[in-house]
Every structure is written in structure tokens, then in C-alpha cells.
Amino acid sequence: MKKLSIAMLSMVLAGSMLLTACGGGNTQPAENTGSDDTQQSETAENTEGGVLRMGTNATFPPYEYMDENNEVAGIDAEIAAAIADKLGMELEITDMAFESLIPALQAGTIDIVLAGMTVDPERAEQVNFTDTYATGVQVVIVPENSDIAPVENEEGAMEVDLTGKTIGVQTGTTGDLYCTDDYGQEFVKQFDNGPLAVAALMNGQVDCVVIDNEPAKNYVAANEGLKILDTAFANEDYAAAIAKDNTELFEQVNTAIQELKADGTIQTIIEKYIPAEAE
């Protein structure tokens, strides 16, 4: 049994976002980011005029969530809109269960996934990942009166041991994979989305929730009596996923992401939702 070996982080619970209920299978065109024709590049040559069908799971703020108009919004939606603009395509977003995203890619019902999806070897055997466009950190949410706390080990590093605890996770996420591997399936409860896992924590059905830092901050802000441990469970790279056999689109999307990183567009979108901390 492995412990969660982690380094101390400074967590700032500020700038919370209102969470709204959402339903699966909602398909709608995303807003264009306002790019003009000069932003379109050679990547649009073979895709001009088509529809880029994006799959996501809109319970992962600020990367994806349902806004007050019941439309998918957030970092990934805006990055996808910028990619579609580069390719001269119309963006269409489908909200679905996280664990359905890769099967939907393989079945050809969607073209691309942007869902705060972490690059890992198991997934890379099933899909092609583009260059990384953002990084994430897995953290642990607990009740304020919880006895779960990080402690210093003999090497001077901070770690938290969840042995014997019931851990809530979102099905199919890296938090799910890590915790199941570290502690065993019998100690892990999977939920369809983050809000359900947090509700189970509030109701005492689980002892903690392991999930990405950014949605964790929103969940804690929206639910009194919870806190985030000052620890990092894992550092992760987020990338877009495309079906293995769709190599032409993969090359075009990857080139678009490289261009959007180089010109600062992606960083601007991220900082819109996750402002840099003041030095």
C-alpha cells in the first residue's frame, strides 16, 4: 500500500464560481472568442467549413461548467472555440459522462475531447493526445473537523495517509485511478461527477474527496464546513484527445494549439478563469 507522498502548497480559496446544476447530453454551439480572419492559419486548409464536435463533462469548473444560460462555458470551451476558429470550423459541444468521452471518440460520435483530461499511459493507448495546454493538481477535500491531515515524514516531506478511509472520486478520473491503485477498490467510492462526490462528503458517506484543485476550490467555496488540505496529491498535464485513426485532424489541432500557446491566447484564457496570484 502506497502513501500519498506530497509537497506543501499554498492554497488560496478565492474567486469562487457559482455552480449550477447541469444535465448530460446537452449539445449546443459554443461562443466564438472573437478572433478575426487574420488569426486563421494554414491549419484550416482541409477542414474549412466543417463542424468540430467536442465532447466534455461540464461539472469541472473552471475548465467546463454550465453557465446561467445552460450552455457549456469555461477554459476548455474557450480554447476549443479558438481552435475551431483557427481551423475555419464551427464548434459544437456535447456534455456527457466523463467515462463516456473516450468511447465516444472511438465510436466517431465526437471529434475531440477537452475536459481537463490528464495525459496518462493507459489513456494514451486508446487516443492520441495533443501537446499539453494546461497543468492541474490533485488535492484532498475534507470536513473542517476531519482528523485527516498531512504529517512530516522522516525525510522531511509532507504526506497524507488515507489508509482505511473511504475516498470519494469522480468515475474515470485520475483521482479515481490513483486512489484505487493506492488503497484498493473497497476504499474508493466512484460518483458520476464532482458535485455528487462532494455531496456524499457533506452527508458523511465518504471521509474525503480527491479531485483537481481548481474545481475543489469552487466546491469548498459553495459548501460551508469543508476545506482543502495544504497538499498536492499529483501534478498533471491536460491535453486534447483525438481518436487514433483521425491523424489528419490530430495534426491540424495540435498545430493550432502550438500556435495558440505561442501567441499567448491560451494563457490569456486560463488567466481569465484562474488569475495569477499576486507576488
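Taken together, the values in this text are just the output of simple stated rules run on the coordinates, not laboratory data. Fair warning: this is a prediction, and the values are worked out from it, not measured in the lab.
Semi-axes of region 58-106's equivalent ellipsoid from the Cα gyration tensor, sqrt of 5 times each eigenvalue, largest first, rounded to whole Å?
18, 16, 9
What Rg and what Dmax come out for region 146-279 when only alpha-carbon atoms are used, in angstroms?
When restricted to the Cα atoms of region 146-279, Rg and Dmax are 18.2, 52 Å.
Calculate the all-directions average of the projected area of region 106-219's alpha-carbon convex hull, and give it in nm².
9.1
Can you list residues whose amide H is under 5 Å from Ile167's amide H, if they're 5+ apart or on another chain and H is modeled 1.01 Å from N?
Amide H to amide H, under 5 Å and 5 or more residues apart or across chains, Ile167 pairs with Val188, Lys189, Asp207.
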